[in-house]
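Engineer: The structure is given below, and queries will be raised subsequently.
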Amino acid sequence: MSPAESLEILCRGCAEIISREELKKKLSAGRPLRVKLGVDPTAPDIHFGHTVGLQKLRQFQDLGHEGILIIGDFTAMIGDPSGRSATRPQLTHEDVMANAKTYQEQAFKVLDRAKTKVVFNGDWFKKMTFTDVIKLNSRVTLQQMLQREDFRERMDKSLPVRAHELQYPIMQGWDSVVIQADIELGGTDQLFNIMVGRDLQKEEGQEAQVAMMLPILEGLDGTQKMSKSLGNAIGVSEAPGEMFGKVMSISDDLMARWYGQLLGRAVEADAHPMAAKKELARSLVERFHSSDAAGHALAEFEKRFSGRDLENAELPSFAPSAPSLDVITAGTEAYVQCFGQTKSRGDVRRLVVQGSVQWRGEKVTDPKAVLDLSQSGILRLDKTRAVRVG
């Protein structure tokens, strides 16, 4: 493939590239490029949001370049302050290394294991003396660090910015120097950190890495960044049926964005929204599980919602907080507990009024209705979600 063809493929889906001309020059060099993606294993599982960067790294691998996955066992103990309104809780090194085991295995659901070099930044940071740390810190100014929008916002609100947080972009930048990265991938919230890496590389006499910024994937709520802590994420190791059902729960607008970010293509112009969403869900289950698992998940969904055979379908179990609840409370609890989604009482009320909610096969259209949840039965929440009680 020519450099121009590679450039066209690799630039697809990027939010910003600094710079496209630099990337074109590197692709024309006639050698495999060293493409860096850094990840901090602050949790044991990765979700769809993480896979946006992993997919771009896989594209580079498929074009013959070297994918370098940096496991931030030292940076994770600080916690990336990007986009954060408060200091992250600090993890021990033991916590991070335990998370890293499953994190790597899940990353290889996307990456080509044979073409991936996995390194831990503790390999170089743990060898540094305090003198080395002081010298590294002298490369940047406090004014540079305080240019960060998230730091400025916290200071404007009189919220603390801890001194150790200032180390994070410096450490991420030094990773790029150590591995001599040609390209670094990251979400748009990583721009500051990646630019620090460019500056440090130039000071070391290296050619500056190209910054390839990828859009942030929105979670199930369609508004906030996908995050386990926000309860709006889908993990890549979730059960096929659960994964399929969560994808089917997103809005049509979010579905269109996920098509581009997760599948790399647009929704077909003449596709019915329901059919398009089923194809999105099927494709994602197939990617992270298998074609057989995807087919089974689709068949179960059809059984539940097209064939209306809810009694024999595989449904998530709902344990209500009390044996009797008003329908609005029952609905809001079920969305959070079974689907990881926070629905306002107003949203659930609208579903009730429009006739979407059913309890034990009967529509519930009175928002003040109280459900006897001491009985076993199926609580249908909307056209794509239902739960089993008892």
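Engineer: Only one of Asp199, Asp182, Asp150, Asp189 is in contact with a Leu (Cβ under 9 Å, 6 or more places away or on another chain), over 28 Å from Glu286 (Cα atoms) and not hydrophobic (A, V, I, L, M, F, W, C). Can you tell me which?
Structural biologist: Residue meeting the stated conditions: Asp182.
Engineer: Mind listing just one residue for me: the one in the stretch 19-78 that is within 30 Å of Thr223 (Cα to Cα) and among the basic types (Lys, Arg) and, of those, surrounded by the most Cβ atoms within 10 Å (Cβ to Cβ)?
Structural biologist: The extreme case among them is Lys36.
Engineer: Could you say which residue among Ala233, Ala276, Ala256 is at pLDDT 90 or above and under 24 Å from Pro44 (Cβ atoms)?
Structural biologist: Ala233
Engineer: Hey, does the stretch 238-258 have a residue that's open to solvent by less than 10 Å² (accessible area, probe 1.4 Å), touching a strand residue (DSSP E or B) at 6+ places or on another chain (Cβ under 9 Å) and of a type in the set (D, E, K, R)?
Structural biologist: No; the residues of the stretch 238-258 include none that is open to solvent by less than 10 Å² (accessible area, probe 1.4 Å), touching a strand residue (DSSP E or B) at 6+ places or on another chain (Cβ under 9 Å) and of a type in the set (D, E, K, R).
Engineer: Now a separate question. Any chance you could count how many residues in the stretch 123-144 are open to solvent by 90 Å² or more (accessible area, probe 1.4 Å) and either in contact (Cβ under 8 Å) with a residue 40 or more places away in the chain or of a type in the set (Lys, Arg) (or both)?
Structural biologist: Residues that pass the stated criteria total 3.
Engineer: Cβ-Cβ distance below 7 Å, separation of 6 or more or different chains: which pairs start in the stretch 145-172 with a residue that is within 15 Å of Phe192 (Cα to Cα) and end on one that is charged (D, E, K, R)?
Structural biologist: Leu146/Arg152; Asp150/Arg84; Tyr168/Asp80
Engineer: Then there's this: Among the residues in the stretch 216-233, are any open to solvent by less than 20 Å² (accessible area, probe 1.4 Å) and either among the β-branched types (Val, Ile, Thr) or farther than 30 Å from Arg385 by Cα (or both)?
Structural biologist: no
Engineer: Same structure, new question: Count, please, the residues in the stretch 158-213 that happen to be open to solvent by 10 Å² or more (accessible area, probe 1.4 Å) and among the polar types (S, T, N, Q).
Structural biologist: Going through the stretch 158-213 one residue at a time, the tally reaches 7.
The values are calculated or read from the model by the stated rules, or taken from the named source; none is laboratory data. Note that the structure is predicted; figures quoted are calculated from it, not measured. Backbone-built Cβ (ideal geometry, glycine too); neighbour counts: all protein chains shown. When the accessible area is computed, the model is the full protein with side chains, heavy atoms only, and any ligands, DNA or RNA have been set aside. Shrake-Rupley method; radii C 1.70, N 1.55, O 1.52, S 1.80 Å.
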